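Here is the structure we will look at.
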There are 4 protein chains.
Amino acid sequence: MANTWGSVFRVTTFGESHGPMVGAVIDGLPARFGLKESDLQPQLDRRRPGQSDLTTPRQETDTVQIISGVEKGMTLGSPVTLVIRNRDTRPEDYGEMRSAPRPSHADFTYMAKYGVLASSGGGRASARETAARVAAGAVAEKFLRERFGIEIVAWVQSVGEIVAPDPDVLKLTRQKVDKTLVRCPDKAAAESMATLIRAVRDDGDSVGGVVMCVCRNVPAGWGDPIFDKLSGSLAGAMMSIPATRGFDFGLGFGSTRLRGSVHNDAFVKKGKTLGTRTNNSGGLQGGISNGEPILFRVAFKPPATIGQAQSTADWDGSACQLKARGRHDPCVVPRAVPVVEAMAALVLADAAMRAASQQ
Amino acid sequence: MANTWGSVFRVTTFGESHGPMVGAVIDGLPARFGLKESDLQPQLDRRRPGQSDLTTPRQETDTVQIISGVEKGMTLGSPVTLVIRNRDTRPEDYGEMRSAPRPSHADFTYMAKYGVLASSGGGRASARETAARVAAGAVAEKFLRERFGIEIVAWVQSVGEIVAPDPDVLKLTRQKVDKTLVRCPDKAAAESMATLIRAVRDDGDSVGGVVMCVCRNVPAGWGDPIFDKLSGSLAGAMMSIPATRGFDFGLGFGSTRLRGSVHNDAFVKKGKTLGTRTNNSGGLQGGISNGEPILFRVAFKPPATIGQAQSTADWDGSACQLKARGRHDPCVVPRAVPVVEAMAALVLADAAMRAASQQ
Amino acid sequence: MANTWGSVFRVTTFGESHGPMVGAVIDGLPARFGLKESDLQPQLDRRRPGQSDLTTPRQETDTVQIISGVEKGMTLGSPVTLVIRNRDTRPEDYGEMRSAPRPSHADFTYMAKYGVLASSGGGRASARETAARVAAGAVAEKFLRERFGIEIVAWVQSVGEIVAPDPDVLKLTRQKVDKTLVRCPDKAAAESMATLIRAVRDDGDSVGGVVMCVCRNVPAGWGDPIFDKLSGSLAGAMMSIPATRGFDFGLGFGSTRLRGSVHNDAFVKKGKTLGTRTNNSGGLQGGISNGEPILFRVAFKPPATIGQAQSTADWDGSACQLKARGRHDPCVVPRAVPVVEAMAALVLADAAMRAASQQ
Amino acid sequence: MANTWGSVFRVTTFGESHGPMVGAVIDGLPARFGLKESDLQPQLDRRRPGQSDLTTPRQETDTVQIISGVEKGMTLGSPVTLVIRNRDTRPEDYGEMRSAPRPSHADFTYMAKYGVLASSGGGRASARETAARVAAGAVAEKFLRERFGIEIVAWVQSVGEIVAPDPDVLKLTRQKVDKTLVRCPDKAAAESMATLIRAVRDDGDSVGGVVMCVCRNVPAGWGDPIFDKLSGSLAGAMMSIPATRGFDFGLGFGSTRLRGSVHNDAFVKKGKTLGTRTNNSGGLQGGISNGEPILFRVAFKPPATIGQAQSTADWDGSACQLKARGRHDPCVVPRAVPVVEAMAALVLADAAMRAASQQ
């Protein structure tokens, strides 16, 4: 419900963009699980603003603190609470939106829903909220890695019209992804993307992109038909990330153009079990993992807040020109990579625990 | 969880493809709401198999019965239970899958998860399960229409490579959609699609397609950030439908190629409130409805079960040829139209009631 | 929510007292679990009306049918649906409540909440609804018995002022409980109780009583602080049974009069682990099972519907005399015994699965 | 689940007894609701340790801080997070429990469940956790008071064998309750209770008691049959409070000794609706509020931790003497009063919002 994700492994996030902190409460993590802040910080560092000239200049160290549920580096079985203090808040930057809602931003819908707006950035609609998820996702990911050997790696597939060729998803690592500021493992594409993002930034504009993600070593049999299929949970999780506009897995929208005789993944013997020769299904059949790598894509629209003047209407409906201040990413996909990984980890950890409950 | 959808307005479905019946229990519907079986039957008729030569020849009348929660045509406030008896069951048709899992079907993953398979078709993985959702969705839809004037209309946008031009989404009706067997309102495209489906069927093959959907008159302010955004709930709901591979809304994956200055929807005065000049956001900003029509797409892969022989492996991993019997749709999108509408209605009814709870 | 119980092992019940059937959908039961109707019927037989002259004369065989989720005596992992048809319905008996709400019955509150009443008995407020829980509870109980050796036995501790001495809770069986019609294992007390119930019945009156229950062999470590403590879940479950007015466990209300030095259960070595010398805590400490027998009591008020004339007010507030027809139990505790066992089983099965999810 | 209470109005608590803080995240509170820390502090002051010589000498100011969800004294619609820092922590006091589990404390069951113990007091089993609930309950109570005029007042009915006569529940106020340190509005009984508690304290012992509570002005029609009846939710909520052993409402266990003709509450005209002449049902019929005051009792056992030496076994099962240090209440009921009120408020706020969702 609303600010809580998951059924057995549950994460509740809280905190506004320009308030004192954002945070997450994790419920359902097993006890005696090793956990320290330095386990979580690397993913926060990959998400934090100000990490390169391709991102918002807002400066945040995004230092995560564990304030409950852990003693001496080990979980107690009680809720694990993580907080990340906000430091570089500038609520005064957002004066413009007092007079007019920013086009394609959540200002208008938050006002329609709540009748009040946070005195700053986006409040909960800000991407700042995702810091809490990245912290919680890092916890989930550590659990999945240690218990099942699961590896989750996301990367940038496209920025604007520039689409990178697919990497070898069986071998891709975060190290390889992080070799470029854009987080695209194809060097040539990454350079074009960076050039485009800088051009867009200098125009006071923004641009969209696609993040792709692979989850390796997920055991066959996770996901609960009908309404907790892994595909449905992943889709719901990804679409909770700000600025997302689409989700698909396997060949996704591309599969709609194919015939079954071409699309079907034939089985072959793999070790003691069956695998598939191709992986057009992206690791999921009937919404349940089949043991092959899970592969999915997430579409991100261009950020709504741009420096250019826009012709729009103010809160009263009068035509006006709006030119945003504030500090914003010209393209969110480089920083969205760890957010996509985090949400994938939350989905898989919950599925893992649900699967365990029914053995 | 698993077979239940929703938080306040909740639907639980049950029943296997070749068992005695499928059904749904609806909890949370207001009392004194008029409801009779004939309110629900039209959508079931649109979904039922055997309705044209483009669909599976399995013959089912799909007659819905209300067995609890309603007296004298009015709800009591107690759970409303709907059942649809299965009539044309032929479990003997599925002998082949006893020896080998059907490629890209859920046979393998269900076995990995449950260690047992229903003695027939897909059990719960069969599209037959969606009859129960369509019945429940028709209840939700009646509530949304009478209370808020909401209209939900889905149609086929593409089959294989054939993509129809977009209709006028402000005026499209189910009557117009149903004028062609394919449920594509563009006549020329519909004819090509029907020809393709028949060709594919005659080849013992199958083909994918895309269903698009519009929800009109949804009040601004529905959807609960962070994890119950309407976008996330719709995505999760759609990806719970069998054979789905992707979801996007507004310009969706197409938005990733655009700049913000082009993509942003400027505000204009509309009546007493604000609307947007364009609707690239598909009626949702920050995951909350903005009062504009909600527009989304759902990608369906080609059905896994095909008549052609496929080279695959049997349960033991030995190479084999598999040629399915059973009765199957060569393309699911014509019958998926009311299923997409039903799931949209379940999402919106739950969002409506959640919104009411926090006034 | 409302008609669903449980978080991982979930039961949804449906159906009105004088409608065509009552039923339950069970979600979360492991696959490949042996289940047939004859496993469930014995508890339904213990609950069914008309079983002796101490109960309502309504005649129902309460024959349970499994209509989904099971094939060839084995669960499939999909929802298990159980239905029990109503046969001896007489909605015409309830004409009186049309003019005046029955004192201390749910007529008034259902009307206040729903604005409509089922055209008969109590609709969902009737004890008939508990037949569905007893069926679902029998499924849970079979799981608990086969997986963990858990035994659940409830019995009548008191009727009116007649209080039976405590039995040996380590050895008590259902066979012993069922030796008397009242379901009190103390023969002398049982006779007095039966005499009282008959006298009350002949007066057109009713009387209350207390049911006590023991759950043996529950492993230490079940129950989830803070809000899913076993004590809290048991309390909530028991208070969902019609006509209940109180719950306590261990020494319960009696413990409030004691000093800690007297009440505390000292530890002693028991096998390879620790047990307690006394069991004043009723098997629960901090809301978590400690391996000792779980012991609790449930208070049932006298049934509201009585044959005597009562001075009350009609729906308009005018004073009137109300004399009920309909068929009712003069005392519910003999038939409440299997209902208490069923709800205990639902609580423990859910706790078992939650515990498994976090290993 | 576990550390979250509620379905629409939801509260998640976190924090250990001797960690840096305890806190609560509230989700589902309407936006534009006035809220400041001074609204919450009075109930925290009534719960805090060290407030009199009848309570534990642990010194905590229990100052509550709002760290999210509120700006300028008004809620934003986003999660409201409350934290209370721990100041007077002395983990070193708990060395004894390292060698032996305290009898009737949660040490043993927490170890059985989690395999690890918080290095101090009770971790989450400590009554300290209830500070977070009291803060959240004060938020709920403000909502209920302003929206519906609801008043919730709890008081001490008994300590050990001393039972106070019932006050006039229609007029009782917190001011009257707080006139005695024991929080019993009957002066004579309160004096005897205080004397008993001091004697018990000086003996290094503890004693139990009963808290009673009235909720006035709850509208008729709240509570959701079958499994979210108000009676069930209140029972579950109260039994989540540490040291509770029983719950009943109306005449409760006393009703089991009565006949229906005596127990039934006859209806009378009250204003424009019906009320009842007597209130033996404690304001609830069929689990739904009937507009009369809701009346219930909660049984608290004597605290487990006592200064006297106890003969018990250590973790290895060897007999030993255990004499606790640490600082503890000799009787919890005076400080339990605001905790009972808080949990009642959480239950009613959730019921209020569920009721609104289905109008």
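Bear in mind that the values in this text are calculations on the coordinates, not laboratory data. Just so you know, these numbers come straight off a predicted model, no measurement behind them. All Cβ positions, glycine included, derive from the backbone under ideal geometry; neighbour counts span all protein chains shown.
Pull up all non-local amide H partners of residue D:74: gap of 5 or more, or a different chain, and H-to-H distance under 5 Å with H placed in the peptide plane.
Counting only residues 5 or more places away or on other chains, the set is D:35.
Per-residue HN-Hα couplings for segment A:232-244, Karplus 6.51 cos²θ - 1.76 cosθ + 1.60 at θ = phi - 60°, whole Hz, x for Gly and Pro?
x, 5, 4, 4, x, 5, 5, 6, 7, 6, x, 6, 7
Scale the Cα Rg of chain C by the rule-of-thumb value 2.2 N^0.38 Å and send over the ratio, two decimals. Could the numbers behind the result be given before it?
Working: Rg = 20.7 Å, N = 359, 2.2 N^0.38 = 20.6 Å.
This ratio for chain C stands at 1.01.
Could you work out Rg/(2.2 N^0.38 Å) for segment B:314-359, with Rg from alpha carbons only? Please report the intermediate quantities before stating the final value.
Values: Rg = 20.7 Å, N = 46, 2.2 N^0.38 = 9.4 Å.
Relative to the 2.2 N^0.38 Å estimate, segment B:314-359 comes out at 2.20.
Can you list, shortest first and in nm, the gaps between the label point of residue A:191 and those of its counterparts in the other copies, using a point 7 Å from Cα in the C-beta direction?
With the label placed 7 Å along Cα→Cβ, residue A:191 yields 5.2, 9.4, 10.2 nm.
Can you give the FRET efficiency to the nearest 0.05 for residue B:176 and residue B:323, using r as the Cβ-Cβ distance and R₀ = 25 Å?
Details: r = 39 Å, r/R0 = 1.57.
The pair residue B:176/residue B:323 has a calculated efficiency of 0.05.
Does segment A:263-337 come out rounded, prolate or oblate by the C-alpha gyration tensor, with a ≥ b ≥ c the root eigenvalues, rounded set by a/c under 1.5 and, if not, prolate when a/b is larger than b/c and oblate if not?
On the way: a/c = 5.54, a/b = 3.62, b/c = 1.53.
The shape class here is prolate.
Looking only at other chains, what is the average number of their beta-carbon atoms within 10 angstrom of each beta-carbon in C:209-221? Mind dumping the intermediate values first?
Values: counts 3, 3, 1, 0, 0, 0, 0, 0, 0, 0, 2, 5, 8.
If you average over the peptide's residues, the count of other-chain Cβ atoms is 2.
Calculate the length of the line joining the C-alpha centroid of segment C:1-60 to that of segment B:168-213, in whole Å.
One Cα centre to the other: 46 Å.
In Å, what Rg and Dmax follow from the Cα atoms of segment A:121-162?
14.6, 40
Residue B:270: which lysines have alpha carbons under 20 Å from its alpha carbon, excluding same-chain residues fewer than 8 sequence positions away?
A:113, B:171
Given R₀ = 25 Å, what would the calculated FRET efficiency be for residue C:168 paired with residue C:191, taking r from the Cβ atoms and rounding to 0.05?
Values: r = 20 Å, r/R0 = 0.80.
Step by step, r from the Cβ atoms, then E = 0.80.
Can you compute the charge dipole magnitude of the protein assembly as shown about its Cα centre, using +1 on each Lys and Arg Cβ and -1 on each Asp and Glu Cβ, nothing else charged? Give it in debye, rounded to the nearest 20.
Details: 176 positive and 148 negative charges, 0 e Å.
Dipole size: approximately 0 debye.
Helix D:333-357: angle to the longest alpha-carbon principal axis of chain D, degrees 0 to 90, nearest 10?
Orientation of helix D:333-357: about 40 degrees from the principal axis.
Can you list residues whose amide H is under 5 Å from residue B:245's amide H, if they're 5+ apart or on another chain and H is modeled 1.01 Å from N?
So residue B:245 has HN proximity to B:299, B:300, B:301.
Under a GNM of chain A (C-alpha, springs under 10 Å), which listed residue has the highest mean-square fluctuation: A:169, A:332, A:159?
A:169
Where does each of D:198, B:32, C:128, C:259 land when they are ranked from fewest to most other beta-carbon atoms within 10 angstrom? Intermediate results must be reported in sequence, preceding the final value.
Details: D:198 14, B:32 11, C:128 26, C:259 20.
By the 10 Å Cβ count, ascending: B:32, D:198, C:259, C:128.
Let me make sure I get this right: for segment C:131-228, a, b and c are the square roots of the gyration tensor eigenvalues over alpha carbons, sorted descending. Under 1.5 in a/c it's rounded, otherwise prolate if a/b > b/c, else oblate. Which is it? Intermediate values should be presented prior to the final figure.
Details: a/c = 2.18, a/b = 1.93, b/c = 1.13.
Because a/c hits 1.5 or more and a/b exceeds b/c, segment C:131-228 counts as prolate.
Computed FRET efficiency, Cβ-Cβ of residue D:74 and residue B:262, R0 35 Å: what is it to the nearest 0.05?
On the way: r = 37 Å, r/R0 = 1.05.
With a Förster radius of 35 Å, E is 0.40.
When chain B is turned about an axis onto chain D, which of its residues keeps its C-beta closest to that axis, and how many Å is it?
For chain B, the closest residue to the axis carrying it onto D is B:357, 2.
Take the protein assembly as shown, compute every pairwise Cα distance, and split them into 20 Å bins from 0; I just need the percent in each bin.
10, 39, 37, 13, 1
What is the distance in Å between the Cα centroid of segment B:120-157 and that of segment D:283-359?
45 Å
In nm, to one decimal, how far is the residue C:148 label point from the residue D:203 one, both placed 7 Å along Cα→Cβ?
For residue C:148 paired with residue D:203, the spin-label model returns 3.7 nm.
Excluding residues fewer than 8 places away in the same chain, name every one of the aspartates and glutamates whose C-alpha is closer than 18 Å to that of residue B:323.
Answer for residue B:323, where 18 Å is the Cα cut-off: A:265, B:92, B:93, B:96, B:107, B:202, B:203, B:205, B:314, listed by chain and number.
Compute the label zone of residue B:359 within segment B:215-239: residues whose backbone N is under 12 Å from the point 7 Å along Cα-to-Cβ.
No residue qualifies, since no backbone N sits under 12 Å from the label point.
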